[in-house]
Every structure is written in structure tokens, then in C-alpha cells.
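Okay, so here's the structure we're looking at.
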Amino acid sequence: MARRTVVTMPGDGIGPSVLAQALRVLDAVGFDAEYVHGDVGWACWVNEGDALPERTIQLLAEHRLGLFGAITSKPKMQAALELRPELKGRGLAYSSPIVRMRQLFELDICVRPCRSFPGNPLNFVRHGPGGGMEEPRVDAVIFRQNTEGLYAGVEWTDPPAEVRASLALHPKFKPFSATAGRDLALSVRIVTRRACERIARAAFEHAERHGYRSVTVCEKPNVVRETSGMMEEAASQVAAEFPGIALRSVNIDAQMMWLTKNPEECGVIVATNLFGDVLSDAFAGLVGGLGFACSGNIGDEAAVFEPTHGSAPKYAALEPQIANPIAMILSAGMLLDHVGEAEKAARVRAAVARIVAEGRVRTYDMLRLPGGPAVVAQGAATTAQMADAILAAL
């Protein structure tokens, strides 16, 4: 009997293709697991009115470990229009299944490693002191609070009278008090001390475990004073428990500038939900783009691992598939680390590193080609061919 059961949720677009390759790699590295399929994504929304069906929630509740491919999300009005006719008019509202998973299972710790692989033609380069080009080694890990902030989902267009009355108690709401309800939209940024302390502690523990010398809290406390202020305060309190690790503070806008000046100086970074999302994508751009961006959503009792790229629906119908599977494969490597299979995880990353360094097999994004059916004829590896090369390196 397999020692673990993993719920596989391929989702939409390129999700099924890249997830299938990651499972091949897990098998090849000797991961002893059984995989059960979980329905999720746009087809579930269109046909059932729920992008995360209860049957999939129950699978996750039972097995507490998941691999997620990708989803398609569309704006509210368009999502409503695409429902099956018999589901329209029932007041159904689309919500992101991965966001719901994070909230349902308290997957409040999001870890997004952004590490450059030597030889990747997409790595960040800059002018060196002598006028030549240099390629700094990027090794940043973003710890993103995953369940609160602006992603908590507390929003209104035309807010109820009770909400408006409460807002009117704040003097800075006065300029908006005469705005008609249909012209007023609100998104509430919710931050709790408990969640701030948890994500800060996870960041410091990771820094201590892996030899980083500092943790940077990346917020905007000079403007978003209350919520960013609470994150900074919590990080400072946690830092006192780790005297060997320095705590730094950089405003989010300044960090976006500094990350393209000296990214090699960035190590572990901790931020609230939206800022962490922005930071991780920005850092991913320095190490090859979303084709290399892996992540883990981790709680006390459950964890789901996923690439941070989208579903790329325009590529889903291509045959053969051309999407870069490395982000999904690295996410599977994170799953291995999470369940205590560190040696297998290291082998997966080493195999990826070897193929990238050799440079003989490159997907269309690594060749800087516009995606489309012609890229294979131009020398780009297919999704399966890149996985084949990684398997051979294993």
C-alpha cells in the first residue's frame, strides 16, 4: 500500500498537461504515493455552478495533500454569462477555487522560492562595474500571508446602508459620503495579529534552517498604517526569538525598484497577501518567468502545491502541448520536501538544474519565442520532451 495519498487537481488549460509530467517525475524519483483525481476549475463552474465542488473538498479533507495544475478565472459578469442556462439567475457567484482552498483548509503560509538556475537564458542580467554584463545569482524566498488582506473577499459594490453608516464614523470617508451606491465599490483589507505572527515565524524558521542571514518585511506602513503596521509589529516581535537573523524593513514600492538593482542581496521576504503576490511574480521574472515559479500553500493540517502560472487557455488545444512544465515539477519537489522526502526533492531540483545548464532542451519561453503551434518546428521542446529530459537526468 502506498504510504501517502495525493489529491491531483489538474484544472484548466495547460494544467492537465503540466501536472501529468510532474507525476511522471514523482514516479521516477521513487515517491511512494497513490493519486486520486479531484475535479476543479472552469468546467465545474459552467456545468455545476461551483468551481470547487464539494466532492473535491471532501477528498482534500480526507487526504490533506494536493497537487494543483492551473485554473481559468474570468470577471464576474462574464463568468455569470457562461453558466449553463438552467443555472443562470440563481445568484451564483464565481470564486477562485485555489483561494477557497486556502481559506477552507487554513493554508495561510504561502512559500514561493525564486531561485535562478545557471544557464537559463531567461535569467536577469545587468551591466557590471567594468561595462560588461553580469548575471547575479538570485535566491529569494517569498513568504506570503495567504488567507487575509485584500484577498479575504470582503467586498461590496453599492455597500449596504449599515456598512456606509459605519464608514461614515471615519473622518476620511467624508469625501466619498455623497457618492451614489452603484458608483461605490469597497474591498476591505483585513489583517490579524495571529496570521501576521504565523507567517513571520515561518519566514524566520526557514531563514534559520537554510542559513539566510536576514528576513525582510515588505509592506507600506507609511501609508497603509494600520494593516502594514500590524505586520511590521508582529515581525519585530517574532524577530526577537531569532537573535542571529537580522530583521529588515523595505516599502513595497522601494523593493520593486531594488529587486532589479541588486536581487542577489534579497533572501527571505515576508509580506501580506497582495504584496506577497506581486513580489513573487516580480522575482519570478528575474529567474525565468512563470515557467519556473513554484509554490506551496501550507497549513497546520493540509498543504497544496501549485505552479503560480495561469491556465493559458490559448495553448490548451495545441497538439503537441508546448507549456514549460518546470514550475509544476518544482512544485512537486516542494511537496516532497514537505512530506520529509528531502533527498528525492534535491534530486528533482538537481535534474532540472542539469537540463537547464546543458541547454540542449528548451521550451518556447526559454527560446524567447512567441507561443503558438510553430514553435516546435523552430526548435522548441514540447511539454513532454522537457519532462523526458528531466527524467533522463534523474
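Every number in this text was worked out from the coordinates using simple rules, so none of it is lab data. Source: prediction; values computed, not measured. Virtual Cβ from ideal backbone geometry, glycine too; neighbours counted across all protein chains shown.
Observations, loosely collected:
- Taking Cα centre as origin and charging only the Cβ of basic (Lys, Arg, +1) and acidic (Asp, Glu, -1) residues, the dipole magnitude of the chain rounds to 600 debye.
- Between the alpha-carbon centres of region 22-49 and region 219-286 there is a gap of 33 Å.
- Region 191-304: C-alpha pair distances exceeding 20 Å, %: 42 percent
- Each Cα pair under 8 Å and six or more residues apart adds its sequence gap; the mean of these over the residue count of the chain is a relative contact order of 22 percent.
- Pairs of Cα atoms farther than 23 Å apart, region 257-394, %: 40 percent
- Volume per residue for region 239-280 equals 81 cubic angstrom (convex hull of Cα atoms).
- Averaged over residues, the count of other Cβ atoms within 10 Å places the peptides 186-196, 225-235 in the sequence 225-235, 186-196, highest first.
- The sum of -39500 (n - 2.57) across all DSSP H runs of n ≥ 4, divided by the residue count of the chain, sets its helix-only mean residue ellipticity at 222 nm to -11500 deg cm²/dmol.
- Rg of the Cα atoms in region 1-89, relative to 2.2 N^0.38 Å, amounts to 1.25.
- 30 Å Cα cut-off, lysine pairs counted over the chain (separation 8 or more, or different chains): 12
- Whether region 290-352 is rounded, prolate or oblate, judged on the alpha carbon gyration tensor where a/c under 1.5 counts as rounded: oblate
- Residue 137 versus residue 376: modelled label distance in nm, points set 7 Å from Cα along the beta carbon direction: 3.8 nm
- Against the set (i) 70, 48, 42; (ii) 64, 59, 46; (iii) 59, 50, 44, the structure's computed Cα extents along the principal axes in Å falls on (ii).
- Nonlocal amide H pairs with residue 305, under 5 Å, H built at 1.01 Å: 66, 67, 68, 297
- Region 155-213 and region 304-376 have Cα centres separated by 35 Å.
- Spin-label model, residue 185 to residue 162: label points 7 Å out along the Cα-to-beta-carbon direction sit 2.4 nm apart.
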